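Engineer: Here's a structure for you.
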Amino acid sequence: MSRAVLVTGGSRGIGRAVAQAFAAQGERVAVHYGSNADEAAVTLESLEGDGHLVVQADMADPDAVRRAVDESAAALDGLDVLVNCAGVFAAHPVTEVSYAEWQAAWSTTLAVNLVGAANAVFCAVPHLIAAGGGAIVNISSRGAFRGERRTPAYGASKAGLNSFGQSMALALAPHGISVGTVAPGFVETDMAREVLDGPRGAEVRAESPFGRVATPEDVASAVLWLASPGARFASGTIIDVNGASYLRS
């Protein structure tokens, strides 16, 4: 029987690739978007099979997150998998921004990348328990481990997401719910386009011995495995998808 999957941030980039990968396996997918309805419609149209839908929510709004999760579960007749892909990324180097800009960057980034993901998990858990168990996969970042000089709030939010995911792995295992994390490096997405197409593009690609950055499909492959029943006992795992550009012990 096909599973019901909610992908936050599913309108483009990694989220779109994840939604497409699940749909290609015959799963029913709810594609969440924050503000770009047109891109969400493109993703929906690209999905194989039927039974899919689009849901909208500002991930910084707790009530909107609850509504989107419940709407997804109602339309899909339950929920088996939650993938937290939604995220924001904005430069705010400590020596180059005003105090007001600094505060705004931290407030927005943590609200979406960490608290929003945590709220989505909280709202999804009752549906996953009702389904007899399932999987949660969070999209983190290489920056959670190596630091982010120009985007410290982003790095901190992803480090927090790593810890949160492992806490949830402990808390939810008795309910048959696994929680895994995927930590990519640079990925060929709109979010990274400015850097990859700029003067540092070649340098960034050279960080990996493969001579490239990840594709969204590279990341989606790791997500699919962590969400699979066969990966249930890998709960708490953080998978690096960075082409050996950063190796942690």
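The values are calculated or read from the model by the stated rules, or taken from the named source; none is laboratory data. Since we're looking at a predicted model, the values are computed, not measured. All Cβ positions, glycine included, derive from the backbone under ideal geometry; neighbour counts span all protein chains shown.
Engineer: Taking the condition closer than 19 Å to G176 by Cα, in contact (Cβ under 8 Å) with a residue 40 or more places away in the chain, of a type in the set (A, V, I, L, M) and surrounded by fewer than 18 Cβ atoms within 10 Å (Cβ to Cβ), does I129 pass?
Structural biologist: So I129 passes the test.
Conditions (1) at pLDDT 95 or above; (2) farther than 24 Å from L79 by Cβ; (3) more than 15 Å from the chain's Cα centre (by Cα), marked per residue:
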site: A169; (1), (2), (3): yes, no, yes
site: L172; (1), (2), (3): yes, no, yes
site: D197; (1), (2), (3): no, yes, yes
site: E203; (1), (2), (3): no, yes, yes
site: F210; (1), (2), (3): yes, yes, yes
site: S228; (1), (2), (3): yes, no, yes
site: G243; (1), (2), (3): yes, yes, yes
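Engineer: Output the number of the condition that V125 fails; it satisfies all remaining conditions of (1) in contact with a strand residue (DSSP E or B) (Cβ under 8 Å, 6 or more places away or on another chain); (2) under 15 Å from P184 (Cβ atoms).
Structural biologist: (2)
Engineer: Being closer than 25 Å to V81 by Cβ and touching an Asp or Glu at 6+ places or on another chain (Cβ under 8 Å) narrows it down to one of A131, A234, so name that one.
Structural biologist: A131
Engineer: Count, please, the residues in the range 178-220 that happen to be over 22 Å from Q25 (Cβ atoms), assigned to a helix (DSSP H, G or I), out of contact with any Leu (no Cβ under 8 Å at 6 or more places or on another chain) and aliphatic (A, V, I, L, M).
Structural biologist: Count: 6.
Engineer: Just checking, which of V115, V137, V55, V81 is in contact with an Asp or Glu (Cβ under 8 Å, 6 or more places away or on another chain) and under 24 Å from T237 (Cβ atoms)?
Structural biologist: V81
Engineer: So which residues in the range 133-151 are in a helix (DSSP H, G or I) and within 20 Å of M59 (Cβ to Cβ)?
Structural biologist: G143, A144
Engineer: Further, regarding this structure: Which pairs turn up if I take residues in the range 179-205 that are more than 30 Å from G134 (Cβ to Cβ) and look for partners that are modelled with pLDDT of 90 or more and basic (K, R) with beta carbon separation below 7 Å, at least 6 apart in sequence or on another chain?
Structural biologist: Once the first residue is more than 30 Å from G134 (Cβ to Cβ) and sits in the range 179-205, its partners that are modelled with pLDDT of 90 or more and basic (K, R) give R205/R212.
Engineer: Take S11 and decide whether it is part of a loop (DSSP other than H, G, I, E, B), under 14 Å from the mean Cα position of the chain (by Cα) and more than 25 Å from M168 (Cα to Cα).
Structural biologist: Considered against the rule, which asks whether it is part of a loop (DSSP other than H, G, I, E, B), under 14 Å from the mean Cα position of the chain (by Cα) and more than 25 Å from M168 (Cα to Cα), S11 comes out as yes.
Engineer: Further question: Out of curiosity, is A91 more than 20 Å from V219 (Cβ to Cβ), part of a helix (DSSP H, G or I) and either of a type outside the set (F, W, Y) or under 18 Å from the mean Cα position of the chain (by Cα) (or both)?
Structural biologist: Numbers: more than 20 Å from V219 (Cβ to Cβ): yes; part of a helix (DSSP H, G or I): no; either of a type outside the set (F, W, Y) or under 18 Å from the mean Cα position of the chain (by Cα) (or both): yes.
When the stated conditions are applied, A91 does not pass them.
Engineer: Could I ask something else about it? From the residues in the range 54-74 that are surrounded by fewer than 16 Cβ atoms within 10 Å (Cβ to Cβ) and not acidic (D, E), which one is nearest to N119 (Cα to Cα)?
Structural biologist: Among them, the one singled out is R67.
Engineer: Anything in the range 53-77 that is part of a loop (DSSP other than H, G, I, E, B) and in contact with a helix residue (DSSP H, G or I) (Cβ under 6 Å, 6 or more places away or on another chain)? List them, or say none. Before the answer, list the steps.
Structural biologist: Of the residues in the range 53-77, the ones part of a loop (DSSP other than H, G, I, E, B) are 57-61, 77.
The answer is A57, D58, M59, A60.
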